[in-house]
Each structure stands twice: as structure tokens, then as C-alpha cells.
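To start, the structure under review is shown below, and the notes come after it.
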Amino acid sequence: MANYNRVILMGNLTRDPELRYTPSGSAVANFSIAVNRRYKVENENREETSYFDIVFFGKRAETIAEYMKKGRPILVEGRLQQRRWETDDGQKRSKVEVVGENFQFMGGRDQDGPRPSSEGDAPEFDDSDIPF
């Protein structure tokens, strides 16, 4: 059976990216984006907003943390990943997030200066290095 896991989202950051480093020194950036959907129901315009958690690794994580802030638009390409864990009191939890592989800053320059686009091909990353 064939499998395919790809997602492309464009939205605005809901908070500043959080940059951390794994014990081996690899950068990890976490942030969320809000994606709006506009549609009509019986000639009435409606809008709904969905929120997505995004994680980037390596040089891309550092670039996003350096240039992006809450409210700025970004296009993210990646894959969906589900994480599962158990809390200290035994409750099972899970979370689906987008593991970013490429991005494009949207919009033009602003008062904070130029923003570069994503860097080439995604580097190889060993998932066993992630501390969660």
C-alpha cells in the first residue's frame, strides 16, 4: 500500500518562535500559525480559523527564530507527525504537529530589515536526538 504525508500551510504566527537546542546541539524551533478559511453559507460570508503547531530543526529553525515574530505570515511545507506520551499520573496524551521541511517568508521587507527565504535542501535529521 502506498503512503503519502505532505502538508502545505500559509498563515500568521500566533506567537514568537521558541528556539531550543537538543543535548547534541541541534536547533529546534517551535511556533504556531493561524490559518483562516473564508466561505459562504446562503449568501453570508463566514470565516473560521484553525491553529497548527509547527516544529523546524537545524539551520532552518535558527533562521525562523531570528527573522520571524508573532503576526508575520509564513508558508510552511512539511509532514504531519503524531507524538504520544503518558503523563506522570498515567494519562495517555497525543499531539499532531507539522514537522517543517521548507518554508517561505511571505510579504515584503519591513522595518526590521530584509528576510531571507528558506535555505536549499532540508538537512538530514535523526529523530532519536529529539528530547520529547
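Listed values, structure above:
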| item | result |
| --- | --- |
| Dipole-positive endmost among Pro23, Gly107, Ser50 within the stretch 7-108 (Cβ charges, Cα centre) | Gly107 |
| Peptides ranked, highest mean first, by Cβ atoms within 10 Å: ranges 51-61, 34-44 | 51-61, 34-44 |
| Normalised per residue, the volume of the convex hull around the Cα set of the stretch 1-85 (Å³) | 161 Å³ |
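A short reminder: the numbers here are calculations on the coordinates, not readings from a lab. These numbers come from a predicted model, not from an experiment. In this analysis, Cβ positions are derived from the backbone assuming ideal geometry, glycine residues included, and neighbour counts consider all displayed protein chains.
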